[in-house]
Amino acid sequence: MGDIRRVSVGIVGASGYGGVQLVRLLMDHPELELTYLGGDSSAGKPFADLYPHLGHLVKRQIEAVDPVEIAERCEVVFLSLPNGLACQIAPTLIEKGCKVLDLSADYRFTNLDTYTSWYGKERSDRAIADKAVYGLPELYRNRIAESQLIGCAGCYPTASLLALSPLLKQGLIVPETAIIDAKSGTSGGGRQAKTNMLLAEADNSIGAYGVGRHRHTPEIEQVCSDLAGQEVTIQFTPHLMPMVRGILATVYATLRDPGLVREDLMTIYTAFYRNSPWVTICESGVYPQTKWACGSNLCYIGIEVDPRTGRAIVMSAIDNLIKGQAGQAIQCLNIMMGWDETLGLPKLGFYP
């Protein structure tokens with residue numbers, strides 16, 4: 001970290017919400033230098049035309065996507081693209097020696113047949129995909145440190161899995177009873193115009209979507225199965241909230257030992273995340289709110305036990321664009337580079 005030379009970084013898909021968050025965070029990172037911004041639909045435009053509020057700092061233009069040229073200019077490449085596009089670019093970047101962090105779903109699955117069945121795209125990059133590591137540092141930190149290709153965890157899975165993991169890993173719950181009820185702000189839908197994201201449609205309303213078929217379901221189940229050591233099926237229901245940023249995931253699951261109380265689980269969670277600087281376990285009786293995490297890379301976890309039903313209730317709050325996307329990708333890169341996991345990432349949110 002004492003090396004004067006900064007590591008060259010490129011972003012493919014810089015025009016979206018994930019891309020602009022990466023730009024903002026990279027500008028404050030002491031070891032990284034942004035050397036390339038790419039995107040086909042906006043190629044040739046100054047980045048400041050898309051995001052005028054960054055024009056005084058970011059003078060680059062959006063360039064056409066040429067994997068060979070990108071590899072010549074960048075040591076690290078973030079792929080912030082719609083699902084199905086990263087897998088067309090990553091193999092060349094990997095072959096040329098780049099470290100690649102994919103923010104889409106393309107490299108999150110250990111079984112590409114699962115990806116194909118949920119995302120409808122056949123793949124020809126299985127050899128590359130086999131090398132990918134799931135990018136949730138709190139669970140796979142050691143593997144991330146040794147990998148060249150990271151499939152960064154999705155926003156809903158990040159909040160959900162951080163809430164569920166200690167319960168599954170320690171065998172504290174009956175896995176098939178786990179239910180995830182999650183709410184997200186509208187920025188999770190991206191920057192492209194969508195009718196249901198219009199202010200007149202989304203404001204003063206809340207509604208479920210993707211019920212029983214949301215694409216983050218198999219991603220969550222894959223990690224839950226790994227933690228539990230058995231095939232796990234999860235009930236996951238997302239909801240759209242009339243806010244811009246944030247995810248709150250509330251997890252319900254039946255405890256194997258009905259004698260466990262809140263303080264028992266708090267002790268277990270505190271120990272489980274003792275080396276995880278971005279996870280904060282709330283005090284007894286305190287339940288997290290999305291506003292607390294807004295603008296930061298933090299995940300706040302609140303814990304409760306209902307003795308009447310014998311269930312654990314765990315609440316997890318994150319900023320979907322930071323810990324759920326761009327911040328987590330940089331957290332993974334810090335680990336890949338052998339740097340402090342917190343380097344260049346916001347430790348405090350915007351409040352109120």
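Which label marks the calculated value of mean projected area of the Cα convex hull in nm², given the options (1) 17.8; (2) 16.8; (3) 34.3?
(1)
List, in order, the whole-Hz ³J(HN,Hα) value for each residue of the stretch 19-25 obtained from phi through the Karplus relation with A = 6.51, B = -1.76, C = 1.60 and θ = phi - 60°; use x for Gly and Pro.
x, 5, 5, 4, 4, 4, 6
Round to the nearest 10 and give me the degree value, 0 to 90, for the angle of helix 155-169's Cα axis relative to the longest principal axis of the chain.
Computed tilt is about 40 degrees.
Determine the shape class of the stretch 304-352: with a ≥ b ≥ c the square roots of the Cα gyration tensor eigenvalues, call it rounded for a/c under 1.5, and otherwise prolate if a/b is greater than b/c, oblate otherwise.
prolate
I'd like the FRET efficiency for ASP40 and GLU263, computed as 1/(1 + (r/R0)^6) with the beta carbon distance as r and R0 of 56 Å, rounded to 0.05.
0.55
Hey, what angle do you get for helix 262-272 against the long axis of the chain, alpha-carbon based, 0 to 90 degrees rounded to 10?
30 degrees
Kindly provide the helix-only [θ] at 222 nm of the chain, computed as the sum of -39,500 (n - 2.57) over DSSP H runs of four or more divided by all residues, to the nearest 500 deg cm²/dmol?
The helix-only estimate for the chain comes to -8500 deg cm²/dmol at 222 nm.
Of LYS99/LYS291; LYS99/LYS169; LYS291/LYS323; LYS59/LYS96; LYS291/LYS347, which ones are farther than 24 Å apart at the Cα?
Table pairs above 24 Å Cα-Cα are LYS99/LYS291; LYS99/LYS169; LYS59/LYS96.
For the stretch 73-106 and the stretch 282-303, what is the centre-to-centre distance using only Cα atoms, to the nearest Å?
32 Å
Provide the per residue accessible area, probe 1.4 Å, for the chain, rounded to a whole number of square angstrom.
Each residue of the chain exposes 43 Å² on average to a 1.4 Å probe.
How much length is gained on full extension from VAL244 to ARG256, taking 0.36 nm per residue of separation minus their Cα-Cα distance? Write down the numbers at each step before the final one.
On the way: separation 12, 0.36 × 12 = 4.32 nm, distance 3.77 nm.
Here the answer is 0.5 nm.
When you have a sec, figure out the Kirkwood radius of the stretch 178-311 from all distinct Cα pair distances and drop it here in Å to one decimal?
This gives a value of 16.8 Å.
Quick check: Cα centre of the stretch 1-44 to Cα centre of the stretch 146-214, how many Å?
Answer, in whole Å: 26.
Checking the a/c ratio against 1.5 first, then a/b against b/c, what shape does the Cα gyration tensor give for the stretch 239-298?
In terms of gyration-tensor shape, oblate.
Where does helix 327-336 land angle-wise versus the long Cα axis of the chain, in degrees 0 to 90, nearest 10?
Approximately 80 degrees, to the nearest 10.
About the Cα centre, and with charges only on the beta carbon of Lys, Arg (+1) and Asp, Glu (-1), how big is the dipole of the chain? Nearest 20 debye, please.
440 debye
Using θ = phi - 60° and the Karplus curve 6.51 cos²θ - 1.76 cosθ + 1.60, what whole-Hz ³J(HN,Hα) does each residue of the stretch 289-296 get, with Gly and Pro shown as x?
10, 4, 4, 4, 8, 4, x, 10
Testing the spin-label approximation: label points 7 Å from Cα along Cα→Cβ at GLU201 and ILE179. State their distance in nm.
Output for this residue pair reads 2.8 nm.
Taking springs between alpha-carbon atoms closer than 10 angstrom, which of THR309, THR116, THR92 fluctuates most in the Gaussian network model of the chain?
Sorting by GNM fluctuation, first place goes to THR309.
The values are calculated or read from the model by the stated rules, or taken from the named source; none is laboratory data. This structure is a prediction, so every number in the text was calculated from the model and none was measured. All Cβ positions, even for glycine, are placed from backbone atoms using ideal geometry, and neighbour counts span all protein chains on display. Ligands, DNA and RNA are excluded from the accessible area calculation, which covers all protein heavy atoms including side chains. Shrake-Rupley method; radii C 1.70, N 1.55, O 1.52, S 1.80 Å.
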